[in-house]
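Student: Please find one structure pasted underneath; my questions will follow.
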Protein chains: 2
Amino acid sequence: MRRDVALAHASRLVNHGPTVLVVTEHAGRRNVMAAAWSMPVEFTPPRIAVVVDKKTFTRELLAASGRFALCLPCPPLVDLSCAVGSSSGRDEDKFQRHRIAHFPGPVLGLPLIEGCSAWLELRHLPEPHAEDAYDTVFGEVVSAQADDRVFAQGRWSFRDDNADLHTLHHLGAGRFAVPSRVLSAGG
Amino acid sequence: MRRDVALAHASRLVNHGPTVLVVTEHAGRRNVMAAAWSMPVEFTPPRIAVVVDKKTFTRELLAASGRFALCLPCPPLVDLSCAVGSSSGRDEDKFQRHRIAHFPGPVLGLPLIEGCSAWLELRHLPEPHAEDAYDTVFGEVVSAQADDRVFAQGRWSFRDDNADLHTLHHLGAGRFAVPSRVLSAGG
């Protein structure tokens with residue numbers, strides 16, 4: 001079941017390098033793209049950097065609206081993740097084309113994608129130089145949620161019985177690693 | 001066996017979000033710290049961003065020398081990764097304290113850590129604002145190598161028989177996920 005995640009734990013959601021689906025919406029247009037390149041940059045306040053090519057429709061909507069969302073896809077969404085990562089939303093509504101079920105984000109109202117394992121809404125922190133030189137976009141997390149079957153009390157729990165909720169980690173060329181084995185220091 | 005990786009494939013080494021060990025050296029001092037937060041920002045030339053707190057000794061050596069290396073630890077190095085991530089190298093040489101075996105990087109000569117699955121040397125791309133505001137440090141890869149039992153021909157191959165060479169993905173609090181299961185789109 002979808003549960004709120006304390007903002008103090010939000011960086012944990014992307015700490016281990018999952019692929020994310022970047023959702024944007026502005027003036028009646030909406031879009032989703034896949035991004036393999038993201039990382040937290042700060043715990044408190046929770047801030048995240050994500051690489052979004054300046055030629056994409058996502059960058060246009062993101063800059064115009066000042067907000068974006070990150071949804072963490074899991075194994076049943078592998079094909080969708082590749083599909084939305086390889087076409088532009090400039091000419092068609094990918095939500096409609098791929099019949100993507102969604103629900104409104106709790107703070108910004110962005111269309112968050114059903115069936116993911118976690119969801120974050122962010123306010124854009126404009127950084128013209130980093131955006132221009134490195135396509136690196138910064139945002140501050142204003143809402144965080146996760147499926148409590150795989151993330152609860154501030155931590156991921158990857159087990160055999162929730163394998164369909166594990167995160168995806170893009171290896172390139174449509175191949176994804178899934179972090180199903182967990183090790184502990186001193187263990 | 002350690003093999004050179006074409007620079008065109010260097011971003012693949014960190015595409016899936018592994019924890020890295022950041023190695024620095026300047027004027028006879030050297031250091032290593034663990035960083036969970038890094039990502040590629042560009043394929044060609046291969047560029048990577050990594051979050052390194054401005055209070056660390058690593059930042060000091062990195063800024064003074066203009067170079068750093070990223071080594072990708074694997075399961076046998078879990079305890080070492082936590083150990084070097086939780087103490088400062090300002091007062092002691094962590095290489096010596098933890099008896100870390102190393103070899104010289106092929107381009108910059110940095111002390112790269114034996115037993116990792118991949119190694120990158122980078123020239124620092126100074127970005128004072130991003131470094132100050134987000135502790136985000138950018139670098140351009142000038143050498144890349146990987147153990148060919150787990151990365152060859154530009155791609156990771158995570159299998160049961162090379163499990164000790166899989167990458168580590170920090171979940172927080174000394175727990176690491178290991179991406180041992182691989183899925184393909186359309187598969």
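Student: So how much accessible surface do A and B hide from each other in total, probe 1.4 Å, in square angstrom to the nearest 100?
Tutor: Rounded to the nearest hundred, the buried surface is 4400 Å².
Student: Relative contact order of region A:1-136: what whole-number percent is it, with Cα pairs under 8 angstrom and at least 6 residues apart?
Tutor: Across region A:1-136, relative contact order equals 27 percent.
Student: Compute, for region B:23-102, the length of the dipole vector about the Cα centre, with Cβ point charges of +1 (Lys, Arg) and -1 (Asp, Glu) only. Units Debye, rounded to 20.
Tutor: That gives region B:23-102 a dipole magnitude of about 120 debye.
Student: Using the Kirkwood radius over Cα pairs, work out the Stokes-Einstein diffusion coefficient for the protein assembly as shown at 37 °C and 0.692 mPa s, in µm²/s as a whole number.
Tutor: 160
Student: Here is a follow-up. Considering the convex hull of the alpha carbon atoms of region A:57-187, report its projected area averaged over all viewing directions, in nm², one decimal.
Tutor: Taking the Cα atoms of region A:57-187, their convex hull projects to 10.0 nm² on average.
Student: Under a 10 Å cutoff between Cα atoms, tell me which one of B:Gly66, B:Gly154, B:Gly28 has the largest fluctuation in the Gaussian network model of chain B.
Tutor: B:Gly28
Student: By Cβ position, which chain A residue lies least far from the axis that rotates chain A onto chain B, and what is the distance to the nearest whole angstrom?
Tutor: So the chain A residue sitting closest to the axis is A:Gly17, 1.
Student: If the elastic network links every pair of Cα atoms under 10 Å, which of B:His124, B:His98, B:His170 fluctuates the most in the Gaussian network model of chain B?
Tutor: B:His98
Student: Next question, about the same structure. Could you give the size of the charge dipole of region A:61-141 about its Cα centre, using +1 on the Cβ of each K and R and -1 on the Cβ of each D and E, expressed in debye and rounded to the nearest 20?
Tutor: For region A:61-141, the charge dipole is close to 280 debye.
Student: For region B:59-120, take every pair of Cα atoms, bin their distances at 10 Å starting from 0, and report each bin as a whole percent.
Tutor: 19, 55, 25, 0
Student: Placing the label point 7 Å from Cα along the Cα-to-Cβ direction, what are the distances from A:Ala133 to the equivalent spots in the other copies, shortest first, in nm to one decimal?
Tutor: Those separations, rounded to one decimal, come out as 1.2 nm.
Student: Projected area of region A:1-103, taken from the Cα convex hull and averaged over every viewing direction, in nm²?
Tutor: For region A:1-103, averaging the hull's shadow over all directions gives 7.0 nm².
Student: Another one. Plugging the Kirkwood radius over Cα pairs into Stokes-Einstein for region A:28-83, at a temperature of 4 °C and a viscosity of 1.567 mPa s, what D comes out in µm²/s?
Tutor: 101
Student: Let me ask something else. At A:Gly172, label 7 Å along Cα→Cβ: distances to the other copies, nm, ascending?
Tutor: Its label point is 3.1 nm from the equivalent points in the other copies.
Student: Build a GNM of chain B with springs between Cα atoms under 10 Å: which of B:Leu112, B:Leu62, B:Leu171 gets the top mean-square fluctuation?
Tutor: Result: B:Leu171 has the largest fluctuation of those listed.
Student: Using every pair of alpha-carbon atoms in region B:1-55, split the distances into 10 Å bins beginning at 0 and state the percent of pairs per bin, rounded to integers.
Tutor: Whole-percent P(r) values from 0 Å outward: 20, 44, 33, 3.
Student: Here is a further query. When all protein chains stay in place, what accessible area (Å², nearest 10, 1.4 Å probe) is found for B:Phe176?
Tutor: Near enough 10 Å² of accessible area.
Student: Using unit Cβ charges (K, R positive; D, E negative) and no other charged atoms, how large, in debye to the nearest 20, is the dipole of chain B about its Cα centre?
Tutor: Once rounded to the nearest 20, the dipole reads 140 debye.
Student: For chain A, can you list the cysteines whose C-beta has no other cysteine C-beta under 4.7 Å from it?
Tutor: Unpaired cysteines in chain A: A:Cys74, A:Cys82.
Student: How much of A:Lys55 can a 1.4 Å solvent probe reach, expressed as accessible area in Å² and rounded to 10?
Tutor: 150
Student: Short version: what are the Cα gyration tensor semi-axes of region A:126-187, square root of 5 times each eigenvalue, largest first, in whole Å?
Tutor: So the equivalent ellipsoid measures 29, 18, 13 Å along its semi-axes.
The values are calculated or read from the model by the stated rules, or taken from the named source; none is laboratory data. Predicted model, so just to flag it, every value in this text is computed and none were measured. Neighbour counts are summed over all protein chains in view; Cβ atoms, including those assigned to glycine, are modelled from backbone coordinates with ideal geometry. All accessible areas refer to the heavy atoms of the entire protein, side chains included, with ligands and DNA or RNA removed. Shrake-Rupley method; radii C 1.70, N 1.55, O 1.52, S 1.80 Å.
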